[in-house]
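Undergrad: Please find one structure pasted underneath; my questions will follow.
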Amino acid sequence: MDTIYALATARGKAGVAVIRISGPDAKTAVASFGASLPKPRMAGLRNLHSADGTLLDEALILWFESGASFTGEEVVELHTHGSPATVTAVLRALSDVDGLRLAEPGEFTRRALENERLDLAQVEGLSDLIEAETEAQRRQALRVLSGAIGQRAESWRSDLIRAAALIEATIDFADEDVPVDVSPEVLELLDRVESDLQREAAGVSAAERIREGFEVAIVGPPNAGKSTLLNALAGREAAITSEYAGTTRDVIEVRMDLGGLPVTVLDTAGLRETADVVEGIGIDRAKERAAGADLRVFLLGDGSDDLGLEPAPEDIVVQGKADLSGTAARAVSGKTGAGVAQLIADITSHLETQAARAVTATRERHRVAIVRSLASIATARNQVLRGADSAELAAEELRTAIRSLDSLVGRVDVEHILDEIFASFCLGK
C-alpha cells in the first residue's frame with residue numbers, strides 16, 4: 001500500500017500547519033528530513049532538512065504506531081510553522097521521497113474505514129462535522145461521529161439475530177431440548193426493534209433539516225415590509241426596498257443562525273393578481289418556495305389583499321409596518337425593529353420543536369435502510385404468526401432485515417456510494 005501525505009490544516013498563513021503522513025513508509029519520510037522519531041504519542045521538537053542539508057523548519061513531530069492512529073496505519077504528523085513558504089518546502093521535500101504520494105480527497109478517512117477504525121455512518125458524521133456551521137449541526141455530527149448509529153444498529157442487529165436463532169432452532173433441532181413455541185419471545189423482540197426503527201425513520205427528516213438547514217419564507221402582499229424585515233433579520237441590506245409595489249421579483253435568500261439552527265430566510269415577491277408577466281413569474285416562484293418551506297411568516301398589509309395562500313396552523317401571522325399602524329397586538333417593523341426580537345424567538349421556538357424530532361439517523365440513506373428492514377420485519381412477523389410451517393420463511397426475512405441494518409454502518413452494499421461520500425472531503429482528511 002502507498003504511503004500518503006497531505007496538508008491537514010487550511011491553506012494560507014497560520015501559526016501552525018499540520019502535515020499528515022500515513023502508511024508503511026511514514027518513518028522513512030521522517031528519516032528523509034534527517035530527523036529521528038520521538039516516542040509514540042509524544043511530541044518531539046526536531047529540525048527538518050532537505051536532501052541537500054538545507055534547514056527547512058523546526059517542527060514538532062508526533063508518531064502514532066499502526067493500530068493506534070486515525071487511519072489504523074502508521075501515521076506521522078509534522079507540526080510546522082504555518083507560512084505558505086514553509087508548507088510548500090516541506091511538501092516538496094516529501095514529494096521527492098520514494099514510495100510517498102499526495103493523498104486524494106478523503107483518502108485518510110477512507111483508510112480509516114477500510115481498517116475498521118470508523119464505520120460508514122461515522123465517516124458521514126465526520127463529513128458533517130467538518131461542514132458544521134451552527135451549534136445544532138456540530139452536536140448532531142459529533143453524536144454520529146461518536147458511533148451512536150453503529151451502537152443502535154448493533155443493538156437492533158443483536159435482537160434480530162436472537163429472534164432468527166430461536167426460529168432456526170425449531171427448524172434444525174426439532175427433536176432436541178428446545179422451546180416448543182418460541183413465537184412469544186420472537187414477537188417481543190420484533191416489536192421492540194420495530195418500535196425503535198419506526199421512531200428513527202420518522203426522525204430522519206428533522207435530522208436532515210439540521211444538516212442542510214431549515215427554510216423560513218416571508219410571504220405577504222406587496223409593500224407589507226417583507227424586504228425591510230429581511231434586512232432587519234439579516235442585519236444588512238440583503239434586499240432592495242422601495243415604496244413601489246412589485247420591487248421584489250425573485251426569491252432572495254439569507255443564511256442565518258437562529259438558536260444554533262441553520263436557517264435560510266426567504267424574501268418572496270408580493271402576492272397579488274398582476275398582469276405583469278415578469279412579476280407573475282416571481283409570484284409563482286414565491287408560492288412554490290413558500291409551499292416547500294419548513295415555516296412561513298405571513299406579513300399582512302391592510303387586510304384587503306387576497307394572497308391566494310392560506311396560513312397553516314403552525315405558520316406565524318403578524319401585521320407588517322408596526323411603525324405606521326401601531327394598532328395590532330402582534331406586529332413587526334423591520335424599519336424600527338419593533339417586534340423583531342419576539343418574531344425571531346417565535347421562529348426559533350417553532351424550528352426547535354421540529355428539530356427535537358431528530359433521533360440518531362441523519363440521512364436519506366439511513367432512512368431507506370431502516371424502511372427496508374422494517375418491511376422485512378413485518379413480513380417475518382406474519383410468517384411467525386402462521387406457525388411452524390413458515391419458520392424458514394420467517395428466518396430468511398430476518399436475515400434480510402439484518403443485512404439492511406448492516407448497510408447502515410457499511411458492512412454490506414455500500415460500495416456504490418463511497419466515491420460520492422469521500423469526494424466531499426478535503427485533501428487532508
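The values are calculated or read from the model by the stated rules, or taken from the named source; none is laboratory data. Note that the structure is a prediction, hence the values are computed from the model and not measured. Here the Cβ is made from the backbone with ideal geometry for all residues, glycine too, and neighbour counts use every protein chain on show. SASA here: full protein model, heavy atoms, side chains in, ligands and nucleic acids out. Shrake-Rupley method; radii C 1.70, N 1.55, O 1.52, S 1.80 Å.
Undergrad: Calculate, in nm to one decimal, what residue 36 and residue 285 gain on full extension: separation in residues at 0.36 nm each, minus their alpha carbon distance.
TA: Gain on stretching residue 36 to residue 285: 83.3 nm.
Undergrad: If I take R0 = 51 Å and measure r between the Cβ atoms of residue 88 and residue 155 in this structure, what FRET efficiency does the formula 1/(1 + (r/R0)^6) give, to the nearest 0.05? All intermediate terms of the calculation are to be shown ahead of the outcome.
TA: On the way: r = 49 Å, r/R0 = 0.96.
Between residue 88 and residue 155 the formula returns 0.55.
Undergrad: Sticking with this one: For residue 27, list the lysines whose Cα falls under 28 Å from its own Cα; do not include residues on the same chain fewer than 8 positions away.
TA: Qualifying lysines at Cα under 28 Å: 13, 39, 429.
Undergrad: Let me ask something else. Want the number for residue 68 to residue 116: 0.36 nm per residue separation, take away the alpha-carbon distance, what's left?
TA: Details: separation 48, 0.36 × 48 = 17.28 nm, distance 1.18 nm.
The span from residue 68 to residue 116 would gain 16.1 nm if fully extended.
Undergrad: Would you rank 61, 161 by solvent-accessible area, highest first, keeping every protein chain in place and using a 1.4 Å probe?
TA: Details: 61 0, 161 75 Å².
Output order, biggest surface exposure first: 161, 61.
Undergrad: Amide H to amide H, which residues 5 or more places from residue 3 or on other chains are under 5 Å from it, using H placed in the peptide plane?
TA: Close amide H contacts, sequence-distant or interchain: 25, 101.
Undergrad: Of the trypsin sites (Lys or Arg not before Pro) in the stretch 39-134, which ones lie in a loop per DSSP and count no more than 15 other C-beta atoms within 10 Å? It would help to have the intermediate numbers written out before the result.
TA: Values: sites: 41, 46, 92, 101, 110, 111, 117; in loops: 41, 117.
Here the trypsin sites (Lys or Arg not before Pro) that fit, given the DSSP loop and packing criteria, are 41.
Undergrad: Right, another one. For residue 152, what accessible surface area do you get with a 1.4 Å probe? Give it in Å², rounded to 10.
TA: Surface accessible to solvent at residue 152 totals approximately 70 Å².
Undergrad: Now, a different point. Mind giving me the nanometre distance, one decimal, between the label points for residue 352 and residue 10, set 7 Å out from Cα along Cα→Cβ?
TA: Between residue 352 and residue 10, the label points sit 2.9 nm apart.
Undergrad: So between residue 393 and residue 253, what do we pick up on full extension, going 0.36 nm a residue minus the alpha carbon distance?
TA: Details: separation 140, 0.36 × 140 = 50.40 nm, distance 5.29 nm.
Full extension from residue 393 to residue 253 adds 45.1 nm.
Undergrad: Hey, what do the phi angles of the stretch 144-153 turn into as Karplus ³J(HN,Hα) couplings, whole Hz, using 6.51/-1.76/1.60 and θ = phi - 60°, x for Gly and Pro?
TA: 5, 4, 6, x, 4, 5, x, 5, 5, 4
Undergrad: Oh, and also: Please state the charge dipole magnitude for the stretch 329-400, taken about the Cα centre, from unit charges on C-beta atoms (+1 on K and R, -1 on D and E), reported in debye and rounded to the nearest 20. Present the calculation step by step, with values, prior to reporting the outcome.
TA: Numbers: 10 positive and 7 negative charges, 64 e Å.
In debye, rounded to 20, the stretch 329-400 gives about 300.
Undergrad: Keeping all protein chains in the complex and leaving out DNA, RNA and ligands, what accessible area do you get for residue 393 with a 1.4 Å probe, in Å² to the nearest 10?
TA: 100
Undergrad: Can you tell me which lysines have their Cα less than 19 Å from the Cα of residue 321? Leave out same-chain residues fewer than eight positions away.
TA: List returned: 226, 335.
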